[in-house]
Structures are given as structure tokens and as C-alpha cells.
Amino acid sequence: MAGIIDGKKIAQEIKDEVKAEIERDKLEACLAVIIVGEDPASQVYVKNKKTACEYCGIKSLSYELGADTPEAELVALIDKLNQDEKVDGILVQLPLPEHINEDNIIEAIDPAKDVDGFSRRSVGALSIGSEGFISCTPAGVIELLKRSGVDIAGKECVVMGRSNIVGKPMAMLMLRENATVTVVHSKTRHIEDICSRADILIVAIGKPKMITEEYVKDGAVVIDVGIHRVDPETNGGKKLCGDVDYDDVEPVASLITPVPGGVGPMTIAMLMKNVLIAARNR
């Protein structure tokens, strides 16, 4: 039976640390959040970020734009915030409406205020081991592992998924921690065999309950980054699930993250930490 990694508890520890630093050093930190359109999930995320800011003592500015907002108008707002010396971090909630190019928007943000860690400069810094903002979800996974007493160095790690937001930066962070890393994806052959060798299995593939016990080595640490809203009638009365079939995998893992309450809370906690870093840099 696996031990459960409590993401809520660890995220709260990090937010408490951020709050204490801001109060101790009397920092004035500010995060600007932009949301375009009325995507329900995005609105929930933005609300949670505002709540976290309030708790940590970070000023939160909110800009809610219509779904038909032109790309040029959004870029102009970002440029205005780039020039505002009182704004430490800028976050544009994804996804954006189809008529707006997400890459253009991400690159419009001043790298010094890119607290999401999505820009080419931030990703490039990570790839060569330089200082820079790290994507919040992968950074949160590292904190989950370390604060749960998992020794990463020398371990065989498999990252499932190669997205720019999670998979790729996750692999680079695990390399930075001296793990031996394999990335598998939709074109990988014999995925099950590769995953079943992993001491640490990190899953970010976007498919509900795809990973069953056949993918998991006995005693492995399993980190489930996925989150899906599903029909409770087909999910044992539960509305949310991850990429991992928790009930199937939990008996063979040594440690596992639940969904919800695992990786999710860490993303916002690490965002708060990035805003603190940005304020210090300023």
C-alpha cells in the first residue's frame, strides 16, 4: 500500500514560507493576471490564484477581457504592465481564444516578469542550468518529491508526455537533480516496458486513468500531473480523476499523488514563490 503525497499540505507550507518572507522583509509584491474569455476552468484557476495572493500578502491585479479581444489589444495591455514598475509578475491564463497566437502573447511578457516560466528565455535558461523562472507545475513536482523524502539522484525516472509546459521542463529538472531520465510519448514503442523500469514515474499525458499497475514498477514513486472531469457514474462516484488509475496503481507504488489534492495545489504555490523571487529581483 502506497504512502500518499499530500500536495495540499506541502503547498500550504510553501505559501506560509512566502508569506513569512514578505512580512519579514516588508516586500511589496504584485501579480497581474489576465484572462481572455469565459472558460469556466480558467475562471476557477484565476479565482484560486487571487485567493493565494491575498493569503501570501501579494497584491493581485485582475484584467478580464472579452473573448473577442483583438490580439493587438492584449499585447498592448501586456506592454503597459511590462512598463509598470509596481508589477512584479504577469500571468496570462491559458488557453486563449483561437484567434490569438499563444506564442506571441507569451513572448510579449517581459522575461523578468514571466512568473509562469513559459517564455523562450525562461526555458532556455532552464536547459543550460542558468537562473530563471521555472514552470510552476514541474517546479511543484520537484518540491513534492524533495519534501516527501524522495532521493532523486541516481534514480531512473520516466516522464510521460513532452509538452512545453510540463513534460519537457520536467525532464530537464529531473536531469538537474541528477536522475537518469527517459521521456516517452505517443510515438514511443513499448511504453509499458519502459515505464515499468522507473523508480520515479511522472505522468502528464492528458488521458484519464490510462496508467494501470502494468506500467508501474513495484515500489515506484508515482506522480500524477493529469486532472480530468469525468462522469461520476463511470468513475466510482468521483467527479475528478488523473492520468493514473489510482485504485489500480496505489497497491504497488511506494508513494503516490492523489487527484485532486496532489500536484494541483503545488502549481499555485510555486507561482507565489516565483512572484516573491520577481519582487526580490526588482
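The values are calculated or read from the model by the stated rules, or taken from the named source; none is laboratory data. Given the structure is predicted, the values throughout are model-derived calculations rather than measurements. Backbone-built Cβ (ideal geometry, glycine too); neighbour counts: all protein chains shown.
Of all residues in region 183-201, one or more are on the phi < 0 side of the Ramachandran plot, of a type in the set (Val, Ile, Thr) and free of Cβ contacts under 8 Å to residues at least 24 places away in the same chain. If you go through region 27-45 and keep only what is among the charged types (D, E, K, R) and at pLDDT 95 or above, you end up with just 28.
Filtering region 250-269 to residues that are over 15 Å from residue 204 (Cβ atoms) and outside any strand (DSSP E or B) leaves 250, 251, 252, 253, 254, 258, 260, 261, 265, 268, 269. The residue list 11, 2, 52 contains one member that is at pLDDT below 95, touching a helix residue (DSSP H, G or I) at 6+ places or on another chain (Cβ under 9 Å), of a type in the set (A, V, I, L, M) and closer than 30 Å to residue 256 by Cβ, which is 2. What about residue 42, is it small (Gly, Ala, Ser) and either in a loop (DSSP other than H, G, I, E, B) or more than 13 Å from residue 30 (Cβ to Cβ) (or both)? Taking the combined requirement at face value, the residue satisfies it. A count restricted to region 121-161 and to residues that are of a type in the set (Lys, Arg) and not in a helix (DSSP H, G or I) stands at 1. The residues listed here are 168, 113, 155; of these, the one that is assigned by TED's automatic domain parsing to the domain that holds residue 76 and either buried (at least 19 other Cβ atoms within 10 Å of the Cβ) or acidic (Asp, Glu) (or both) is 113. Return a yes/no flag: does region 228-241 have any residue that is free of Cβ contacts under 8 Å to residues at least 40 places away in the same chain, in a loop (DSSP other than H, G, I, E, B) and buried (at least 23 other Cβ atoms within 10 Å of the Cβ). No: zero hits. Of the residues contained in region 243-260, one or more are found to be of a type in the set (S, T, N, Q), modelled with pLDDT of 95 or more and closer than 21 Å to residue 146 by Cα.
Taking the stated definitions as given, is residue 177 among the acidic types (Asp, Glu) and under 18 Å from the mean Cα position of the chain (by Cα)?
Judged against the criteria, residue 177 is a match.
The set of residues in region 242-282 that are surrounded by fewer than 15 Cβ atoms within 10 Å (Cβ to Cβ) and either more than 21 Å from residue 49 (Cβ to Cβ) or of a type in the set (Ser, Thr, Tyr) (or both) comprises 247, 251.
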